[in-house]
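All of the numbers you see were taken from the coordinates with simple rules; none came from a lab. Nothing here was measured: the structure is a model prediction, and the numbers come from that model. Counting neighbours? That spans all protein chains shown, and the Cβs are built from the backbone with ideal geometry, glycine included.
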C-alpha cells in the first residue's frame, strides 16, 4: 500500500533476459527463417514439411534457451540442435541439410543465450 491509502497496482514485468521469453523469441525467429527458406522449394507434402520444420526449429530455439547444460553456450546450442535435428534428418533422408542448418542455428542461439539470458 502506498501512503495515500490507494492500493498499489501490480506491476507486470517483461524481460528478454528471462529464458522462457528468450526461448520463444529465438524459437519463433529460427522457425520462421527455416520455413521461409523452404518456401521456394517444390516437393510433395510441402505444407506438412514446412510446418514440421517450423516446429522442429522452434523446439531447438526454445530448448537451448531454457536448458541449463554445464557447457559453453555455443556447445550447448550445438548439442541440443543436433539431438533435435537428427531424427528429422533420418525420416526425411536429408542427412546434411537438416542437421547442418540446425547446427548453425543452434550455435548462434547458444551464443545469444549465453550473452542475454539470466
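Across segment 68-78, the qualifying residues are those that are assigned to a helix (DSSP H, G or I) and more than 13 Å from the chain's Cα centre (by Cα), and the one among them that is farthest from residue 100 (Cα to Cα) is 73.
Across segment 39-50, the number of residues qualifying as surrounded by fewer than 14 Cβ atoms within 10 Å (Cβ to Cβ) and assigned to a helix (DSSP H, G or I) comes to 3. Right, residue 87: in a loop (DSSP other than H, G, I, E, B) and without any contact (Cβ under 8 Å) to a residue 24 or more places away in the chain or not? No; evaluated as a whole, the condition is false for this residue.
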